[in-house]
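Note sheet for the following structure.
The values are calculated or read from the model by the stated rules, or taken from the named source; none is laboratory data. These figures come from a predicted structure and were not determined experimentally. Because the Cβ atoms are built from the backbone with ideal geometry, glycine has one as well, and the counts that use them run over all protein chains shown. Each accessible area value is taken on the protein alone, full model and side chains, heavy atoms only, with ligands, DNA and RNA left out. Shrake-Rupley method; radii C 1.70, N 1.55, O 1.52, S 1.80 Å.
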Amino acid sequence: MAKVLVFIDNPGQVLKKASLELLTIARSMGEPAVAFNGELHDDVAATLGEYGAEVLYVPSAADLDDYLVGPKASYLAAAVEASGATVVLTENSAEGREIAARLGIKLGAGVITDVVAVDPDGTAHKSVLAGSYMTTAKATTPVSVLTVKANSITPEPAATAAAPQPVTVELPETATAASARVTARNEKAASGRPDLSEARIVVAGGRGVDGNFGPLEELADVLGAAIGASRAATDAGWIGHDAQVGQTGKTVSPQLYISAGISGAIQQKAGMQTAKVIVAVNKDAESPIFEIADFGVVGDLFKVLPQATEELKKRRG
């Protein structure tokens, strides 16, 4: 069976859902191991075992987060050598893709990004050309590196579970020598909403909100959803750029994506059209978003969304 290494980066005290998805995929491919970066809490180690991690690697240096991605790629390369892995799985985040690219160079490995499903033989299914087509790809190199989009599958625990014991991986002395170091951090205030990249439900607004995300936020809070936005809305300064969904923003694959006041240009579609169900609200019946929407409402979002919010509140008592 193939040896599959899953890179899990700094999850805090609770593993992210995307990490559990990667472990579930790894089990379907072969023998899963984890290359872990961050503070290893007992609960985290137990959860790793619950989802099938047989071996757990940790770096000899505890300060990898004080540098940009270079040292993490070096650590992951050393973990690949220690584990004998032929497949590496990482998140499809901006940092995850950069680490994958650097790892590919270090190992001479094939790198496949934007993956939404993986067959047991390592064949990857991915979206291409701004999400217009689905293709399959498989690396022919001894090691392949895949970055997998969040919400691609439902995480499933393993049949048997045992917390793996950490195995230290020695980093090369040159790993941090020429890397840029982080000198300060400012924590973003928590909104109480789920992370956009992992959310099962996303409510997104565009130019049509005209600077007022209030109705979207109220609906999102009732649904337990994350807030997203088009580039037009973020460029206008109505919401932070970390909420941008699209070709130049984040890619999301939620169970439900509610688009309000977004025309649906191809750049926006590229970031969300793999959502399981898409609901569009727009005053313009000719908006491109209706071409991919499962359900469409032609109407004023400032009338439609509050009605939906009130109805949901009634149904929830």
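Quick one: would you say ILE99 is modelled with pLDDT of 95 or more, hydrophobic (A, V, I, L, M, F, W, C) and in contact with a Lys or Arg (Cβ under 7 Å, 6 or more places away or on another chain)?
So ILE99 passes the test.
Matching residues to (1) within 16 Å of the chain's Cα centre (by Cα); (2) at pLDDT below 80; (3) open to solvent by less than 70 Å² (accessible area, probe 1.4 Å):
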residue	(1), (2), (3)
ALA137	no, no, yes
PRO142	no, no, no
ARG200	yes, no, no
GLY206	no, no, yes
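Scan segment 11-30 for residues that are open to solvent by 30 Å² or more (accessible area, probe 1.4 Å) and part of a helix (DSSP H, G or I) and jot them down.
LYS17, ARG27, SER28
Quick check: is even one residue across segment 58-81 surrounded by fewer than 21 Cβ atoms within 10 Å (Cβ to Cβ), among the small types (Gly, Ala, Ser), closer than 24 Å to GLU198 by Cβ and modelled with pLDDT of 95 or more?
No, the conditions are met nowhere in segment 58-81.
Of all the residues that make up segment 4-27, how many are within 18 Å of SER83 (Cα to Cα) and modelled with pLDDT of 95 or more?
Number satisfying all stated conditions: 10.
Would you list the strands (runs of 3 or more DSSP E) that sit entirely within segment 220-284 and hold 1 or more residues that are farther than 23 Å from ALA94 by Cα and either among the hydroxyl-bearing types (Ser, Thr, Tyr) or out of contact with any His (no Cβ under 9 Å at 6 or more places or on another chain) (or both)?
The qualifying strands (runs of 3 or more DSSP E) are 256-260, 277-282.
Failed condition for ASP121, given (1) out of contact with any Lys or Arg (no Cβ under 7 Å at 6 or more places or on another chain); (2) open to solvent by less than 30 Å² (accessible area, probe 1.4 Å), with all others met?
(2)
Can you name every residue in segment 31-44 that is assigned to a helix (DSSP H, G or I), crowded, with 17+ Cβ neighbours inside 10 Å and modelled with pLDDT under 90?
Answer for segment 31-44, where residues must be assigned to a helix (DSSP H, G or I), crowded, with 17+ Cβ neighbours inside 10 Å and modelled with pLDDT under 90: there is none.
Go through segment 55-78 residue by residue and tally those that are in contact with a strand residue (DSSP E or B) (Cβ under 6 Å, 6 or more places away or on another chain) and part of a loop (DSSP other than H, G, I, E, B).
Of the residues in segment 55-78, 1 are in contact with a strand residue (DSSP E or B) (Cβ under 6 Å, 6 or more places away or on another chain) and part of a loop (DSSP other than H, G, I, E, B).
Can you tell me which residues in segment 208-231 are open to solvent by less than 30 Å² (accessible area, probe 1.4 Å), more than 30 Å from SER19 (Cα to Cα) and either in contact (Cβ under 8 Å) with a residue 24 or more places away in the chain or of a type in the set (S, T, N, Q) (or both)?
Correct list: VAL209, PHE213, PRO215.
Please pick out the residue among PRO166, PRO157 that is farther than 24 Å from ALA94 by Cβ, in contact with a Leu (Cβ under 8 Å, 6 or more places away or on another chain) and open to solvent by 30 Å² or more (accessible area, probe 1.4 Å).
PRO166
Looking at segment 232-283, which of its residues are free of Cβ contacts under 8 Å to residues at least 40 places away in the same chain and open to solvent by less than 20 Å² (accessible area, probe 1.4 Å)?
Within segment 232-283, ALA233, THR234, GLN244, GLY246, GLY264, ILE278, ALA280, VAL281 qualify.
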